[in-house]
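Okay, so here's the structure we're looking at.
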Amino acid sequence: MSGEGFSRAMGAVYEQCLPLRDGTVADYIPELDTVDPESFGIALATTSGQLLSCGDAEHEFTIQSISKAFNFCIALELLGRDEVLKHVGVEPSGDAFNAIIFDPQTSLPFNPMVNAGAITVCGLLRRALGHNAVEHVLERFSRAAARPLAISDAVYRSESLTGHRNRALGHMLVSVGVADQPIEPTLELYFQLCSVLVNANDLARMGATLANIGENPFTGESVFDLTAVRDTLSVMFTCGMYDYSGNWALDVGVPAKSGVGGGVVGIVNRQLGIGTFSPRLDAKGNSVRGVRAFECLSGEFGLHAFEFTNFGSQFVRDIGM
Ligand code: GLU
């Protein structure tokens, strides 16, 4: 499809989703409630380095749980898969993202996309990177987004002041021997990385970097390790959309991650990164318009991983198979 055809189809999806006003803006982190509930943006970034967007695609919001996917990817690269998997599982939990629950068989957090697992991953990042962890990870996020990103101090402080449940989870992780003492700096790292400001265009470019097996198609820079990307996409596919991940896999069929700030990033392997932003969330914590937009885009362009019109990996074609 031509760039113009893509643009037109994306505009039609935007118009179709705009009237949706169901759901509510997250307010359990007080600062999140200051966002304009009407804002809505969609962005598509191709692995050939084109960006198409519509609506409020430059409107900034905090990345929240979407950071978990990228943190996991960086931890896999820095510590190696075996070491990371000694601390966190890869099974869907079927529970809420902030559930205080561990896998009964392994006593590990279920996966890196729920808070228990994400805090564990932040502990591993601190172990590998020490005091420089936040700068290092922010720099990686920035390279994936192809622009310098920053942390919202207001959201970070708001979450740090009110994140009692995450603190409880952190101390539980120490008590079961999954996280190291002291847990406070790990929790602060987790809160800071949830507070990185992005827009839908950034999410699309970050997604395209994963779709392009770790190389940013806009800068040509290698940002993430190839095998870590594969593992990250696998876990995003099974666990990325809270306890809606099974339905998402069926209906949309692309690895994705959402956050309570209203963002969703999706990846079409070797083809596209998709970013959406709309802050009203459904009961599972996913952006209402974001979910609908992805359903429409997936249907319109045949993006589902198992869709017969999705030719999948360009690589497979390139090597002549
Ligand atoms: N910072 C949020 C929390 O830990 C992230 C939640 C989310 O986006 O799912 O509660």
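The values are calculated or read from the model by the stated rules, or taken from the named source; none is laboratory data. These figures come from a predicted structure and were not determined experimentally. Here Cβ is always computed from backbone atoms with ideal geometry, including for glycine, and neighbour counts include all displayed protein chains. For accessibility, only protein heavy atoms count, side chains too; no ligands or nucleic acids. Shrake-Rupley method; radii C 1.70, N 1.55, O 1.52, S 1.80 Å.
Some points to look at:
- Residue in region 224-236 that is in contact (Cβ under 8 Å) with a residue 12 or more places away in the chain, surrounded by 24 or more Cβ atoms within 10 Å (Cβ to Cβ), away from the ligand (no atom under 16 Å from the Cβ) and more than 14 Å from the chain's Cα centre (by Cα) present: yes
- Scope region 1-25; condition open to solvent by less than 70 Å² (accessible area, probe 1.4 Å) and more than 27 Å from L303 (Cβ to Cβ); matching residues: V25
- Residue match in region 101-117 (condition: touching a helix residue (DSSP H, G or I) at 6+ places or on another chain (Cβ under 7 Å), closer than 24 Å to T276 by Cα and more than 15 Å from the ligand (Cβ to nearest atom)): no
- Residues (surrounded by 20 or more Cβ atoms within 10 Å (Cβ to Cβ) and touching a Pro at 6+ places or on another chain (Cβ under 9 Å)) located in region 48-67: F61
- Qualifying positions in region 165-187 - surrounded by fewer than 14 Cβ atoms within 10 Å (Cβ to Cβ) and within 13 Å of the ligand (Cβ to nearest atom): R165, A168
- Those residues of region 80-120 which are aromatic (F, W, Y) and over 21 Å from the mean Cα position of the chain (by Cα), in sequence order: F102
- Complete set of residues in region 239-263 that are more than 16 Å from the ligand (Cβ to nearest atom) and either part of a helix (DSSP H, G or I) or open to solvent by less than 10 Å² (accessible area, probe 1.4 Å) (or both): G246, N247, A249, L250, D251, V252, G253, V254
- Screening L203, L161, L193 for residues that are aliphatic (A, V, I, L, M), within 21 Å of I100 (Cβ to Cβ), within 16 Å of the ligand (Cβ to nearest atom) and open to solvent by less than 20 Å² (accessible area, probe 1.4 Å) leaves exactly one candidate, L193.
- Tally of residues being in contact (Cβ under 8 Å) with a residue 60 or more places away in the chain and assigned to a helix (DSSP H, G or I) across region 44-102: 12
- When region 139-158 is filtered for residues that are crowded, with 18+ Cβ neighbours inside 10 Å and closer than 29 Å to F102 by Cα, the ones remaining, listed by number, are F141, V155, Y156, S158.
- Residue within region 210-217 that is in contact (Cβ under 8 Å) with a residue 40 or more places away in the chain and within 16 Å of the ligand (Cβ to nearest atom) present: no
- Residue check, F72 touching a Gly at 6+ places or on another chain (Cβ under 6 Å), within 16 Å of the ligand (Cβ to nearest atom) and either within 21 Å of L233 (Cβ to Cβ) or modelled with pLDDT of 95 or more (or both): no
- Restricting attention to region 216-256, the residues being of a type in the set (S, T, N, Q) and in contact with a strand residue (DSSP E or B) (Cβ under 7 Å, 6 or more places away or on another chain) number 1.
- Being within 28 Å of N115 (Cα to Cα), of a type in the set (D, E) and not in a helix (DSSP H, G or I) is a property that D22 has.
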